[in-house]
Structures are given as structure tokens and as C-alpha cells.
1. Might you check whether a residue that is surrounded by 11 or more Cβ atoms within 10 Å (Cβ to Cβ), within 17 Å of the chain's Cα centre (by Cα) and at pLDDT below 90 occurs anywhere in segment 58-67?
2. List every residue pair whose Cβ atoms sit under 9 Å apart, with the two residues 6 or more apart in sequence or on different chains, where the first one lies in segment 32-54 and is loosely packed, with under 10 Cβ neighbours inside 10 Å and the second, anywhere, is modelled with pLDDT under 70 and assigned to a loop (DSSP other than H, G, I, E, B).
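The values are calculated or read from the model by the stated rules, or taken from the named source; none is laboratory data. This structure is a prediction, so every number in the text was calculated from the model and none was measured. Methodologically, a virtual Cβ is constructed for each residue, glycine included, from the backbone with ideal geometry; neighbour enumeration extends over all protein chains shown.
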């Protein structure tokens, strides 16, 4: 189920909508002001790195075998 981000053109509120299907998008309404005047935003996404699941340890400290660089959203992923 895809999650899309929107920004209301009337109240400038940013919000997410979980759609049941990407082929049949429900009508989007701003949760703040109930406006149907919105803009769909480009969203970042998350991807899993590595080939094994360790059952719950946090990768933020590097304990899962994947080096931690502080997250790519901040530009600190070491890929630049």
C-alpha cells in the first residue's frame, strides 16, 4: 500500500495519505481544513541494506554488520 505526501494549497499543511491501491487512489482531503486543493509532493524513501535479518538489533550503532553513517536524508550516508 503506497503512502503519498501532499501539501494543502489553502492552509499549507503537509500530510500523508495511505492509499489501499496505487491504481485506485481515493479522493484526497486535507485533514486540517478539509480542502481538496492540494499538491502531491515528491517523497524520499527508505531501502534496506544488507542481505540478512538479525531479529531486531538496531543498525544505528553498526551492530547489524552494516556501517552506520548517520542516515542518507541528512547527506551523511557516505555515498557523496
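1. Within segment 58-67, none of the residues are surrounded by 11 or more Cβ atoms within 10 Å (Cβ to Cβ), within 17 Å of the chain's Cα centre (by Cα) and at pLDDT below 90.
2. Qualifying pairs under 9 Å: 52/64; 52/65; 53/64.
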